[in-house]
Each structure stands twice: as C-alpha cells, then as structure tokens.
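The values are calculated or read from the model by the stated rules, or taken from the named source; none is laboratory data. Keep in mind that what you see is a predicted model, and the values were worked out from it rather than measured. Backbone-built Cβ (ideal geometry, glycine too); neighbour counts: all protein chains shown. Protein only, heavy atoms only, side chains kept; ligands, DNA and RNA dropped before computing areas. Shrake-Rupley method; radii C 1.70, N 1.55, O 1.52, S 1.80 Å.
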Amino acid sequence: MASWCVRAVRQSYSLVASPALLRASPRLLCTATQQKNGHGSEEEAEKPEQNAAEKVLVEEKTQLEEQLKEMTEKYKRALADTENLRTRSQKMIDDAKLYGIQGFCKDLLEVADILEKATESVPKEEVTSQNPHLKNLYDGLVMTEVQIQKVFTKHGLVKINPDGLKFDPYEHEALFHAPVEGKEPGTVAIVTKVGYKLHGRTLRPALVGVAKGP
C-alpha cells in the first residue's frame with residue numbers, strides 16, 4: 001500500500017514537471033493576454049460610436065426645443081389674435097345695439113324740429129283763455145314736444161343747444177362768423193338749429209353762428 005502511494009506521487013510530479021506542459025503554459029498565457037487586449041480594443045472601438053450617437057441625440061434635442069419654442073410663440077400670437085378678434089366683434093355687436101336706431105332717430109329729428117318751430121311761431125300773448133282753440137292747440141303741441149324729448153332721452157338721444165358756449169367743431173357746425181355785441185369771440189352767438197347726440201356720439205351737429213372779434 002505504501003509503495004503504491006509513492007508511485008502515485010512520482011507520477012504526479014513527473015506530470016507537473018513535463019516539458020510539454022511547461023511549453024504549453026506560455027501559449028495559454030499569451031492567448032489570455034490577446035483575448036484581454038482584443039476585448040479592450042472592442043471597447044475602444046465602441047466609444048467613438050457612442051460619442052457620435054450622443055452627439056446626434058443632443059442635436060435632435062436642440063432641434064426639438066427650438067421647434068417647441070417656435071410653436072409656443074405661434075400659439076401665443078394666435079391666442080392674442082383670437083382675443084382681439086373677439087373683442088372687436090363684441091364691440092361691433094354693442095355698437096350695433098346702441099347705434100342701430102340712428103337712421104330712425106334722424107327721421108324723427110325732423111318731426112321734433114317741426115314741433116319746436118310750431119310752438120315758437122305761436123304768439124304767446126294770444127295763448128289765453130279767450131282763444132280756447134288756439135290755447136288747446138298750443139298746449140297739445142307743447143305736450144307732444146315734451147313727450148318726444150322724453151322718448152329721445154330714454155333711448156340715449158340728447159338735444160344740443162350750445163347758445164353762449166364755446167364753439168366745438170365736433171358738436172357744432174358754423175354757418176357764419178360775425179362780430180356780435182356782448183358775445184366773446186369763439187363762442188356760439190346764434191343757434192339756427194339744435195343738434196343731437198346719440199349715446200355720446202354726435203348724430204346731428206347744431207347749426208350755429210359764431211362770434212368773432214372786431
């Protein structure tokens with residue numbers, strides 16, 4: 001049994017010390033080194049590809065950010081244009097409600113002028129109980145004129161009677177300029193026809209004579 005163990009140890013030693021095995025060991029080490037170096041070369045070759053891919057992604061990101069910024073600006077402009085259009089449309093609707101009756105009002109102004117001239121033409125000294133028919137007619141004209149002015153006021157139509165006021169070209173139309181005693185230059189001396197404003201807008205300018213300096 002002891003001799004068998006000795007032979008086994010000797011065989012193992014001869015196998016380890018075999019020249020063939022010693023010659024093969026450097027080859028194995030070289031192969032491992034080559035494999036290691038080859039793996040490193042592959043990693044180095046992959047690095048430029050990764051850098052190029054990252055560069056492409058960065059460029060795409062920059063382009064997308066620029067497109068997003070451009071689209072945001074376009075959206076804001078479109079939103080502002082829409083709001084402006086809505087505001088203008090609403091104003092047009094409101095103006096149509098306010099001034100849609102101005103044509104009808106202009107026609108009624110002629111009726112109001114006739115009533116005013118009719119009441120002014122009646123001699124006040126003759127409007128007495130001794131002339132009941134004339135008095136009744138005159139009172140009826142006055143009541144009609146008062147009522148029509150109330151209707152005008154209800155719908156935003158206001159009379160302009162600028163006698164003695166400073167001349168305003170936006171509300172008055174000057175028929176003549178003449179020196180008038182007791183009137184300051186540039187003021188309205190005579191009103192030949194009263195004007196009217198509809199909701200603050202001049203519907204018909206007052207026809208006036210303007211005083212000027214000597």
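When you look at Gly182, is it out of contact with any strand residue (DSSP E or B) (no Cβ under 7 Å at 6 or more places or on another chain) and open to solvent by less than 90 Å² (accessible area, probe 1.4 Å), yes or no?
Details: out of contact with any strand residue (DSSP E or B) (no Cβ under 7 Å at 6 or more places or on another chain): yes; open to solvent by less than 90 Å² (accessible area, probe 1.4 Å): yes.
Yes, satisfied.
Of all residues in the stretch 200-214, count the ones that are surrounded by 14 or more Cβ atoms within 10 Å (Cβ to Cβ) and either closer than 20 Å to Asp113 by Cα or β-branched (Val, Ile, Thr) (or both). Before you say what the answer is, go through the steps one by one.
At the first step, the residues of the stretch 200-214 found to be surrounded by 14 or more Cβ atoms within 10 Å (Cβ to Cβ) are 202-212.
Now drop any that are not either closer than 20 Å to Asp113 by Cα or β-branched (Val, Ile, Thr) (or both), which leaves 202-210.
So the answer is 9.
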| query | Which of the following residues is farther than 26 Å from Tyr99 by Cα and part of a strand (DSSP E or B): Leu203, Leu207, Leu175? | reply | Leu175
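For Lys61, indicate whether it is at pLDDT below 90 and either farther than 30 Å from Val146 by Cβ or polar (S, T, N, Q) (or both). Please lay out each step first, then the result.
Details: at pLDDT below 90: yes; either farther than 30 Å from Val146 by Cβ or polar (S, T, N, Q) (or both): yes.
Against the criterion (at pLDDT below 90 and either farther than 30 Å from Val146 by Cβ or polar (S, T, N, Q) (or both)), Lys61 qualifies.
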| said: Looking at Asp94, Asp113, Asp107, Asp81, can you tell me which residue is among the acidic types (Asp, Glu), part of a helix (DSSP H, G or I) and either in contact with a Phe, Trp or Tyr (Cβ under 6 Å, 6 or more places away or on another chain) or in contact (Cβ under 8 Å) with a residue 24 or more places away in the chain (or both)? | reply: Asp113
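Out of the residues in the stretch 143-156 meeting the condition of being open to solvent by 50 Å² or more (accessible area, probe 1.4 Å) and assigned to a helix (DSSP H, G or I), tell me which one is farthest from Glu120 (Cα to Cα). Explain how you work it out, then say what you get.
We begin by selecting, within the stretch 143-156, every residue open to solvent by 50 Å² or more (accessible area, probe 1.4 Å); these are 143-144, 146-147, 150-151, 153-155.
Now restrict to residues that are assigned to a helix (DSSP H, G or I): 143-144, 146-147, 150-151, 153-154.
On the way: Met143: 14, Thr144: 14, Val146: 14, Gln147: 17, Lys150: 19, Val151: 21, Thr153: 22, Lys154: 25 Å.
Among those that are open to solvent by 50 Å² or more (accessible area, probe 1.4 Å) and assigned to a helix (DSSP H, G or I), it is Lys154.
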